[in-house]
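Take a look at the structure set out below.
The values are calculated or read from the model by the stated rules, or taken from the named source; none is laboratory data. As the structure is a computational prediction, the values presented were derived from the model and not from experiment. Positions of Cβ are generated from backbone atoms using ideal geometry, with glycine treated the same way; all protein chains shown enter the neighbour counts.
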């Protein structure tokens, strides 16, 4: 355990987040997502919820302000207007931690196509269906650096 | 770059610090220290000073309160009473970041013996001789965890 | 996710449990335990509590009935009679899942010595101090095999 | 051996099944199938029959209900209407373990093309010709999770 | 599948047997044996019985005639005179395939000590307790080589 | 050395042959063949002739009866009608060990193209030019399995 | 530490520079650059500024004189005429260390495309935005070799 | 050191040459050649001249007589008719060691394209510019084998 | 194939011989020798006789003249005075290729102890029992170097 | 090639020298030295003389002034007073490059014992016997750092 670093972030995930840069995507996937066959390196987070993981990552990672869309969720198959509970919670976490960003719903196979280009996938045990989220890393500005060099 | 995490800590060092636990030692070595032949895994920090690295690590890692000694430096060969400038700065950083701990001077080859048992060695480019420090990780108490689970 | 298998058990932990046999020990460690420097392979379970992990493992792994002691916890340093809340919960889980076994308290450094000989260490994010448990795998008897061959 | 987990599933296969998600395919191949040159990672199951393996996998893995076809076998070369004994047994196992799904026959080289895109291949010692089966993993719904978190 | 080679022998086991020489030991272990923590490389044979594996190995591997003992089984704990059914079958297989050799019973922990020095361990799914066997490889004499060079 | 297995087959080659299936090709190459730059994994057999190797492989591997051509050799450059001595010997070995199959001559660069798609290449020390052979693995039928399961 | 070699260059970076040749590109990236997802091997330089790194590399590496452009920086998004402070410093360092070369500004995504073809990426902790530089290695002429052979 | 084998050939280069066959190319590159970014495996020969290396390789490797061109050098950029001293020496070595072959000059980027398809690159410390050579391996005929089998 | 290098020496063996120095031992083992469990790296030579291999190695490797014994064979168990045919051939080869050295017979388990300290083991298919030989590498003197530098 | 860095130092050797620290030893070995069986990592320098290598290393590496002996050579076996030509050249290079240090002769097997504890071994092609040298790295003092930070 380390002071000032969110405890849900294990060694591999901290390593991954530190290597990500402006414009890189990270997928937070639920327990049914085919993480292993997507291509990007997978960091397992068995026993962790997708919403908890979203909160942990957004504690340290800003979202991208250079582009119109910076967060995405998967549309419900056959009911594209639905907003599952877990997705509503995703939006609350993004709004609270990252700012005024709207999570954009994406059709299932288009979501897969985006996931294949992500830098990393974090595979959670989120039980609720459609508990998948893609986040694009933004820029940390010089004035945000809290510790001197 | 990540928010709230000291920027001197690279991916490998973050990974290492996260895997360390109560009682594990980490060596911050200067540019002349024989890091590679000690045995523990070495994380290079070329271009970083030992004092900057000490400050970065102590930002997130507590020292051990279960034992009488928790930080050590190398004695000057032939002048065991000397306190080189870099060591005085180490003491200031420990006092500021970690609390009321005294860095204990240790004879050169005894210091090597301690280094051989450390969990990790961080090899800096500290130019000043005797810029070596060993820190023992302490416990993070439940009330110190800043983020909910 | 798989049917009939406890969801806290990720791929690496399932792999590990399947390779363990009669008399092998597994350590469930808390967030301050020095898992990485003990020696046995470490399986990270960041974000999972030690009690949840104990329940998950004991769902599928029996304890050893060939020996007088089969489960151990770490004594509180300086207060060997204390039974921390997390340890009381360990005892409830063992009694419920594994049967009439008593968890034996062991002095801190003797506990480390036992951990160094374990088959695996599962490193949880258990915040509560002394949230460490060692379990010795028992025998699965032929009549307990639920599925035909 | 573990309680409640089918004994035919070895460490590598448990690991593989746990990493698979919704829509991922797994091939159960017979003793003559060119498993090694297909591309996906191969898990050997020498000495195990394809029907036993199908039963073991379907004990823990649901089939996909989002698509019209979710299980496939190889057509007999030169006799596409034939239903070999081993294939009839496959259908019985699927019906018993997974539900009302029909195994779809596929021409030999089309079957190879599907196998090249699978997540994993399990290479059994099934002696009987045409003892090959592809299964597509379905979704585990929250109410199916048997153990609390 | 290959002609003239016992089908229970997978690629890794064939490789192992071919590298073994005069005096090397191989352990055939049951489903409860702690194969992974013994030290020698482990070849998994999930779904295969120990008796079937013994028959497969002895089809191609002679036993050692240079020493008084060349095959060992584990004594029943607390009942050293007992001969479990699986051990009686081991003796039948050895007599049939290898010749007039007696399988020597060995106390549990002495058996573990022998296993730690073996060249390989084959981990079967033998359900029956005490289904463990150690075999010492003998010499193949020039006149036994069936194929010309 | 193992009983009943051709002694020219080393551990790596036995492993390779066991993983090959119906329709997979294996190249037996002479001492001048550019084995290493073809792509498939190469198994060295320095000191072994190509004809000896062909005999060893065909002792255990059947040829494919599902296709019109199942064995190929390289045509002599500039003299496509020539049948070098080593190729005549190849034909004798195929006829004796595998049955009534004709080895088909193939132009040099077309032979290279076929070799690039093979499962394995066995690189012998055959001195004689044009001592290269490609063999396609066939099916082992259930009645050909010599040992019970 | 070594005499006559710039101390900012760690073991991995020295190794990389020594393997580079005429026409190879190296990227010096700032703390927000997505180094890890570009493709080329990444050498971390956490705690080092991009300008310091540029000076260190140009101490030992000449720029290419065979082509019209040999150094590039990223244009400010939305303000292509701007010359950020860090870029002005890059130009001073290039002029001082390498000679009369102009650093060419390149649009953000075109810069990414160039980075994907580089031989190496050095990931610094440069805080200032747009602190990214690509340098093309030139030829060391025989008369520049300082040490005899 | 070995008797009868040219001492400039180290373990990795001997290994490489032994795996090469008829038609494979090897690049001998000078100290400025971008060996590492070409693709083929690189064998370092720091401190060795390209001419010395050419002589060492041609001591044991014949050139290809099946094709009109079997050796190539890089044309001087801007002066395609020039024959640098090092290239003249290459021609002398080829003529002396390999026979009546002409080294063909190739434009710089076409030379790079050929190098990308080579089996190996030997990276020497040749100081002189344009000290690069590609050699195509020929056939060793049976009568050239000096040692009996 | 290479000119002037014995064709029985494959890439791995050439690599090994080149890395050996004065006083290093190499074991040439027969088909029954337990090469894999001795410890030193094993180079397989399936299909090659031990006598052929001895001749190949001694073509390029001198024996040690600094010590009284430089070659050893295994004594026949139970008949220490016997000189098997294969051992007599070993002596002829040593005398012809290396000079006036006597191969010293060593008791079986003492031979194993020597083999455990060797630099490499070459595992041949020598069928004849006791076809094992240990050779100690000697010095190549400057005047023996055949090729200039 | 790099400016200001001795050209005999390849990528692996530069990497090694950079990781060495105060008190670490490096062995420069001749062509007959058993480098591979000593234990420390070996960096090949085939084609380079030991004297050239000594000069290259001492260009950048200081010798140790904290101890009475800092450089060693191997005594001539049977003639401990002899000073071979190559050793006299070693002394000249040390005196010129490193300062007033005397190379200490050490008996052959004591020299081996020292070599086994070295950080690295550089295996040259030095033909002359006794061309072996051990050097102990010293301290680079802050005022010797040529380039600013």
Might you check whether a residue that is surrounded by 23 or more Cβ atoms within 10 Å (Cβ to Cβ), in a helix (DSSP H, G or I) and over 13 Å from the mean Cα position of the chain (by Cα) occurs anywhere in segment E:124-144?
no
Could you check, for segment F:112-122, whether at least one of its residues is within 30 Å of residue E:8 (Cβ to Cβ), part of a helix (DSSP H, G or I), away from chain H (no Cβ under 14 Å) and touching a helix residue (DSSP H, G or I) at 6+ places or on another chain (Cβ under 8 Å)?
no
Could you check residue G:107 against (1) within 14 Å of chain A (Cβ to nearest Cβ); (2) in contact (Cβ under 8 Å) with a residue 40 or more places away in the chain; (3) at negative phi and say which number it fails?
(2)
Apart from one, (1) within 29 Å of residue E:13 (Cβ to Cβ); (2) modelled with pLDDT of 95 or more; (3) out of contact with any helix residue (DSSP H, G or I) (no Cβ under 7 Å at 6 or more places or on another chain) all hold for residue F:1; the odd one out is (2)
Can you name every residue in segment A:126-145 that is within 14 Å of chain B (Cβ to nearest Cβ) and touching a helix residue (DSSP H, G or I) at 6+ places or on another chain (Cβ under 9 Å)?
A:135, A:137
Out of everything in segment H:8-58 that is free of Cβ contacts under 8 Å to residues at least 40 places away in the same chain and under 21 Å from residue J:42 (Cβ atoms), what residue ends up being farthest from the chain's Cα centre (by Cα)?
H:11
Single unsatisfied condition, residue F:102 versus (1) surrounded by fewer than 17 Cβ atoms within 10 Å (Cβ to Cβ); (2) out of contact with any helix residue (DSSP H, G or I) (no Cβ under 8 Å at 6 or more places or on another chain); (3) touching a residue at least 12 places away in the same chain (Cβ under 8 Å):
(2)
Do any strands (runs of 3 or more DSSP E) lying entirely in segment G:1-98 carry at least 1 residues that are within 14 Å of chain A (Cβ to nearest Cβ) and out of contact with any strand residue (DSSP E or B) (no Cβ under 6 Å at 6 or more places or on another chain), and which ones are they?
G:71-74
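For residue A:57, are the conditions met, namely being at pLDDT 95 or above and under 30 Å from residue B:24 (Cα atoms)?
It is true that residue A:57 is at pLDDT 95 or above and under 30 Å from residue B:24 (Cα atoms).
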So residue H:41, is it at pLDDT 95 or above, surrounded by 19 or more Cβ atoms within 10 Å (Cβ to Cβ) and closer than 30 Å to residue I:16 by Cβ
no
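Assess whether residue A:95 counts as being farther than 26 Å from residue B:137 by Cα and surrounded by 20 or more Cβ atoms within 10 Å (Cβ to Cβ). Break it down stepwise before answering.
Values: farther than 26 Å from residue B:137 by Cα: yes; surrounded by 20 or more Cβ atoms within 10 Å (Cβ to Cβ): no.
Against the criterion (farther than 26 Å from residue B:137 by Cα and surrounded by 20 or more Cβ atoms within 10 Å (Cβ to Cβ)), residue A:95 does not qualify.
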